[in-house]
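What follows is a short report on a single structure.
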Amino acid sequence: MDKVPITVRGFAALEEELKHRQQVERQRIIQAIAEARALGDLSENAEYHAAKEAQSHNEGRVLELESMISRAEIIDVSKLSGSKIKFGATVKLLDEDTEEEKTYQIVGEPEADVRSGRVSITSPIARALIGKGVGDTVEVTTPGGGKSYEVVGVEYRG
């Protein structure tokens, strides 16, 4: 099994979601199934079928979370340093076309969320940035075409 790099914060979020799904959602769904059963005929009982589908979805996500947690390689970003970009780096980029600054943290796939400024280590932009430093220019092929960025800052914070 391949280890999956993840930040301390990302690992804590996975554990919290797993705990919530096992202790809160599972109980809520069991209750919904019991209430739907009490309504009678299950063959045409939409509430029962919806609750069973929710149960299936929840249990599938529990298995997925357990797998991610068991394969996680937790990396404490606050203990990292250096001028080169690697996993955990928070990188400030200057879009050479629009002069717009963007800031991204390179994180594990399970915790990636571009809207929150966290990009997966496996994303095209992260792969292009690895090993680069301040002053370097990177070319990234995106769905919207090629983009050129200058690295203007690299830092490691937890």
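The values are calculated or read from the model by the stated rules, or taken from the named source; none is laboratory data. All figures in this text were calculated on a predicted structure; none of them were measured in a lab. As a convention, Cβ positions derive from the backbone with ideal geometry for all residues, glycine included, and neighbour counts pool all protein chains shown. Remember, those area values only see protein heavy atoms, side chains included, never the ligands or the DNA or RNA. Shrake-Rupley method; radii C 1.70, N 1.55, O 1.52, S 1.80 Å.
Annotations
- When Val151 is tested against (1) out of contact with any Phe, Trp or Tyr (no Cβ under 9 Å at 6 or more places or on another chain); (2) of a type outside the set (D, E, K, R); (3) touching a residue at least 24 places away in the same chain (Cβ under 8 Å); (4) surrounded by fewer than 16 Cβ atoms within 10 Å (Cβ to Cβ), exactly one condition is not met: (4).
- Among the residues of the stretch 109-158, those that are more than 13 Å from Val91 (Cα to Cα), part of a loop (DSSP other than H, G, I, E, B) and either among the basic types (Lys, Arg) or touching a Ser or Thr at 6+ places or on another chain (Cβ under 6 Å) (or both) comprise Ala112, Gly158.
- Only one of the numbered conditions (1) in a helix (DSSP H, G or I); (2) under 25 Å from Arg71 (Cβ atoms) is violated by Pro5, and that is (1).
- The one condition from (1) within 26 Å of Leu18 (Cα to Cα); (2) assigned to a strand (DSSP E or B); (3) open to solvent by 60 Å² or more (accessible area, probe 1.4 Å) that Ile106 does not meet is (3).
- Note on the stretch 61-100: residues that are in a strand (DSSP E or B) and either of a type in the set (Val, Ile, Thr) or surrounded by fewer than 13 Cβ atoms within 10 Å (Cβ to Cβ) (or both) total 5.
- Restricting the stretch 42-60 to residues that are loosely packed, with under 12 Cβ neighbours inside 10 Å and not hydroxyl-bearing (Ser, Thr, Tyr), the residue that is nearest to Val4 (Cα to Cα): Gly60
- Close contacts from the stretch 27-41, counting a first residue that is at negative phi and a second that is open to solvent by less than 50 Å² (accessible area, probe 1.4 Å) and assigned to a loop (DSSP other than H, G, I, E, B), with Cβ to Cβ under 9 Å and a gap of 6+ residues or different chains, come to Ala36/Asn45; Arg37/Asn45; Leu39/Asn45.
- Annotation note: Cβ proximity below 7 Å between a residue of the stretch 64-84 that is under 11 Å from Pro5 (Cα atoms) and a residue that is of a type in the set (Asp, Glu) and surrounded by 12 or more Cβ atoms within 10 Å (Cβ to Cβ) (sequence gap 6+ or interchain) occurs for Ile69/Glu15.
- Single condition Glu66 does not satisfy, out of (1) more than 26 Å from Pro124 (Cβ to Cβ); (2) acidic (Asp, Glu); (3) more than 16 Å from the chain's Cα centre (by Cα): (3)
- If you go through the stretch 99-158 and pick out every residue that is in contact with a Pro (Cβ under 9 Å, 6 or more places away or on another chain) and more than 26 Å from Ala13 (Cα to Cα), you end up with 3.
- Of all residues in the stretch 122-138, those satisfying the criterion of being touching a strand residue (DSSP E or B) at 6+ places or on another chain (Cβ under 7 Å) and surrounded by 11 or more Cβ atoms within 10 Å (Cβ to Cβ) are Pro124, Ile125, Ala126, Ala128, Leu129, Lys132, Gly133, Val134, Asp136, Thr137, Val138.
- Unmet criterion (only one of (1) modelled with pLDDT of 95 or more; (2) under 20 Å from Gly10 (Cβ atoms); (3) touching a Leu at 6+ places or on another chain (Cβ under 9 Å)) for Leu93: (2)
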